[in-house]
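The values are calculated or read from the model by the stated rules, or taken from the named source; none is laboratory data. Keep in mind that what you see is a predicted model, and the values were worked out from it rather than measured. Quick reminder, even Gly has a Cβ in these numbers, built from the backbone with ideal geometry, and neighbours come from all protein chains shown.
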Amino acid sequence: MKILCVAEKPSISKSITQILSGGQFATRATGSQYVKNYDFAYPQARAQVTFTCVAGHLLSSDFDENHRKWNSCDPFALFDAPVITDVDKDKKAIATNLQNEARRAQQLMIWTDCDREGENIGAEIVKVCRKTNPAIPVKRARFSAIIAQQIHNAAQHPVELDRRQADAVDARIILDLRIGAAFTRMQTKALQNAFVGKVEGVVSYGPCQFPALGFVVSRFEQVKAFVPEQFWYIYLAITRQTSDGEEETSFTWRRGHLFEFDVAHVIYEGVLEAESAKVTKVTKKNTKKFKPYPLTTVELQKAGSRILKITPKKVLEAAEHLYQQGFVSYPRTETDQYDPQFDFMSLVGKQVADPTWGPFATQLQGGQFSAPRKGKNNDNAHPPIHPTAHANNLVGDEKRVYEFIARRFLACCSKDALGFETTVDVECGGEEFYATGLIVLERNYLDVYPYDKWTGKELPDFEEGETFVPSLRELRDGQTSRPNLLTEADLVGLMDKNGIGTDATIAEHIAKIMEREYVLEKMEGTTKYLAPSTLGMGLVDGYNEIDFDRSLSKPQLRRMTERSMVEVCQGNKTKGDVLEETIEQYREMFVLARNNFNRVIEVPVFISSARLGFELMFAPAAPARDMPPPPPPPPSARPAAAVTLDEEEAMWDIVDSMDSPPPPTPQLAARPPPKLPSTSSAITGPIAGPSRLPTLNAALRPEAVPDIVRCFCGRPARQLVVKKEGPNTGRPFLGCGTPKVMPDDESCTFFQWADEPPPTVPAKRPYPAVGRRATCPPSAANAI
DNA sequence: GCAAGGTC
């Protein structure tokens, strides 16, 4: 029997051919430069096989002639206009090849990726092949990895194509087209009419573009609304003579800091009155800094943006080109776990040749290898991104992206860094303080992965029960710090977590909202931040003025589409049901938007931009007029924890912060400088603050203070460890004592590093409007 | 001149 097998892309076609043919195959060129036909015998199924492929979707959809032109119809008509689906103009050669091959085949076997899009592409292949062989029987090969045994199993036990999954994608395609085109034409024309001659180019609406813009605007609003708040904390230090001279050890107040001067003052008096401090406990333990997880597309883009300072889109392009040259594996993958049978050592061996990290690879070969950590994601189609060959003639972005991928792979194959941690607990005047020291014993993966930092901190010897007179006891103050605007890496992360776009398209959406000038770059040092333009701001503000059930600039609408697709896949709804329902909803929204578009045009940001010269709004170099003062330079790679203004945003940020607790607001709070800068003050000795203190109730007296860290909810904080890979992987932190169970659960946002000097105010605290978070009484943060 | 999703 002659079987025609069709994969989703050239790489898969080639690798599966290698496996099924055992390397014995003939190659034929096709009309497409990317597609090859491979012929071989497959005796296990008594078949003669031709293996070929497509390159993603074969078909594309657009409106018919009467609706395709912008001025051919009212945009509202696009919700019902006929949609024509045909072979994409760039895919004609691929379709012709399929039809020629299908004519001669007795069976068609679909080998597309095993996901919804793959099932849909499979249906497209069937449709095209049946034009020349209408009765050809169709089978579907199901495989979860390109591993010989699985591939043979898939070839010998094929299943049926899943019509429902293909239908779900059909529905998405039609919805995106109708909604995108209708809203884009409507709002472009409305703005052109309102600001004659001032609006150039399209003002597009897209179900992924707008939520992406929404994230940027939302963070911008938070930055703008920020009001710094003063807080107080007690600083305690001891100076000892050592062989190297004098050495000062700083102790951190267990209580962190307080927002009420009077209260801090009373406690401070107690500390001052104490004759000495006593070491209550010395804890010594082994500790680790975990090596990173295997690399996914999203992580590559985030790291590329953050570490290499290359935009997500360019990182992906570089990786794509490296892949085409055979230097790295397939760059679009959600998988962060390696198959147990993966041949690590031969790939490690290929890196030995590198002059820089080659010696490290040699060490791995010499017994330092350790199996990579296993992440939670597997797309069952591709392994994590890894180098497949050594490359030494690269330049520019490709060189840097390759180096990152190679180092990441070697880091994954090494051992965690090992350290030894000492914590000294001290009591003084009824208050607890602590100091932490770290000795890095074995750097291991850190030697090949310079993007992670872990530095030791020496601590002099302290003995349990020992007492000493502190050399410094100060009441210091600091201010909560402004959160930063979003970086591209932050935006990639937010979109990924909220299901806006896919790993392969997120970068394009971000590039698009910048190209459309809804969002502008704002450089701070070497970090690129994203700020809305007046156009982007006006659109979001404007639509927010209209009373939609669901905001156009929040992720909920996209999530609804996603849910509908799942319903179709499960058979609870048909494609027709979903199309009908969804289009009806959007029709209503469209009418509402169009009838109230004057509200969009009249939002202050549009009006003021128009008065001052509307061009300003569209000039890429011109930042939004009401740009807040620049955020302080980034003290660490990540901006301070996001702060939220409403419930939905609160939810995003819970998603954000649960995975990887953001660092505490840094600046003054996190690291009080040893010498007092003008922005910070300290009180030593007799108190010079507000004179007499108000009467405190019993609960406020220092003696009544429980000696454990409590979170905003008032419950004891839980000690947890950062699981997410990143600079802080493995680091202990204190979080809310009642962690959320369901995604929508409320939990308070208390956060504090367990191992760092003065923990600072949780970033969410200082914001005036804190939606639902009020369930954690704000006063609890201050209560002692 | 519109969308988002595959991929080259």
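A search for C-beta distances below 6 Å between a residue of the range A:441-453 that is among the basic types (Lys, Arg) and any residue that is modelled with pLDDT of 95 or more, counting only pairs 6+ apart in sequence or on different chains, returns A:Arg443/A:Ala417. Checking the structure you have, find out if any residue of the range A:276-286 is closer than 26 Å to A:Thr480 by Cβ and surrounded by 13 or more Cβ atoms within 10 Å (Cβ to Cβ). The answer is no; no qualifying residue exists.
Summed over the range A:182-216, residues that are more than 14 Å from DNA strand B (Cβ to nearest atom) and at pLDDT below 95 total 0. If only residues of the range A:214-256 that are under 30 Å from A:Val492 (Cβ atoms) and among the charged types (D, E, K, R) are counted, the one that is nearest to the chain's Cα centre (by Cα) is A:Arg219. Those residues that are away from DNA strand B (no atom under 16 Å from the Cβ), of a type outside the set (Lys, Arg) and more than 20 Å from A:Asp88 (Cα to Cα), I need them from the range A:104-137; list them, please. Of everything in the range A:104-137, those that are away from DNA strand B (no atom under 16 Å from the Cβ), of a type outside the set (Lys, Arg) and more than 20 Å from A:Asp88 (Cα to Cα) turn out to be A:Ala105, A:Gln106, A:Gln107, A:Leu108, A:Met109, A:Asn133, A:Pro134, A:Ala135, A:Ile136, A:Pro137. Here A:Asp244 meets the list (1) free of Cβ contacts under 8 Å to residues at least 40 places away in the same chain; (2) within 16 Å of DNA strand B (Cβ to nearest atom) almost entirely, failing just condition (2). Once the range A:29-43 is narrowed to residues that are in a strand (DSSP E or B) and under 23 Å from A:His152 (Cα atoms), the residue that is farthest from the chain's Cα centre (by Cα) is A:Ala41. For the range A:1-17, a residue qualifies if it is buried (at least 18 other Cβ atoms within 10 Å of the Cβ) and more than 9 Å from DNA strand B (Cβ to nearest atom), and the qualifying residues are A:Ile3, A:Leu4, A:Cys5, A:Val6, A:Ala7, A:Ile16, A:Thr17.
As a summary of the residue check, A:Gln570 satisfies the conditions (1) closer than 23 Å to A:Met495 by Cβ; (2) surrounded by fewer than 20 Cβ atoms within 10 Å (Cβ to Cβ) except for the one numbered (1). Can you work out which of the residues in the range A:602-615 that are part of a helix (DSSP H, G or I) and surrounded by fewer than 17 Cβ atoms within 10 Å (Cβ to Cβ) is modelled with the highest pLDDT? Checked the range A:602-615; the qualifying residue modelled with the highest pLDDT is A:Pro604.
Just one of the listed residues (A:Ile146, A:Ile151, A:Ile179) is outside the structural domain of A:Tyr338 (by TED's automatic domain parsing), touching a helix residue (DSSP H, G or I) at 6+ places or on another chain (Cβ under 9 Å) and either within 11 Å of DNA strand B (Cβ to nearest atom) or under 30 Å from A:Pro82 (Cα atoms) (or both), namely A:Ile179. Being buried (at least 23 other Cβ atoms within 10 Å of the Cβ) and not in a loop (DSSP other than H, G, I, E, B) is the filter; apply it to the range A:474-488 and report the residue that is nearest to the chain's Cα centre (by Cα). My answer is A:Glu488.
Is it fair to say A:Gly214 is assigned to a loop (DSSP other than H, G, I, E, B) and either touching a helix residue (DSSP H, G or I) at 6+ places or on another chain (Cβ under 8 Å) or surrounded by 14 or more Cβ atoms within 10 Å (Cβ to Cβ) (or both)? Answer is no for this residue.
Of all residues in the range A:227-265, those being more than 30 Å from A:Arg482 (Cβ to Cβ) and either among the β-branched types (Val, Ile, Thr) or crowded, with 18+ Cβ neighbours inside 10 Å (or both) number 4. Against the numbered list (1) part of a loop (DSSP other than H, G, I, E, B); (2) over 21 Å from the mean Cα position of the chain (by Cα); (3) surrounded by 24 or more Cβ atoms within 10 Å (Cβ to Cβ), A:Gly326 comes up short only at (3).
Residue-by-condition table, conditions (1) among the hydrophobic types (A, V, I, L, M, F, W, C); (2) more than 30 Å from A:Lys278 (Cβ to Cβ):
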position	(1), (2)
A:Glu466	no, no
A:Ser481	no, yes
A:Leu486	yes, yes
A:Tyr529	no, yes
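Here A:Asn596, A:Asn544 are screened, and the one residue that is in contact (Cβ under 8 Å) with a residue 40 or more places away in the chain, assigned by TED's automatic domain parsing to the domain that holds A:Tyr205 and surrounded by fewer than 21 Cβ atoms within 10 Å (Cβ to Cβ) is A:Asn596.
Each residue in the range A:192-210 was checked for being more than 27 Å from A:Ile506 (Cα to Cα), touching a residue at least 12 places away in the same chain (Cβ under 8 Å) and hydrophobic (A, V, I, L, M, F, W, C), and 2 pass.
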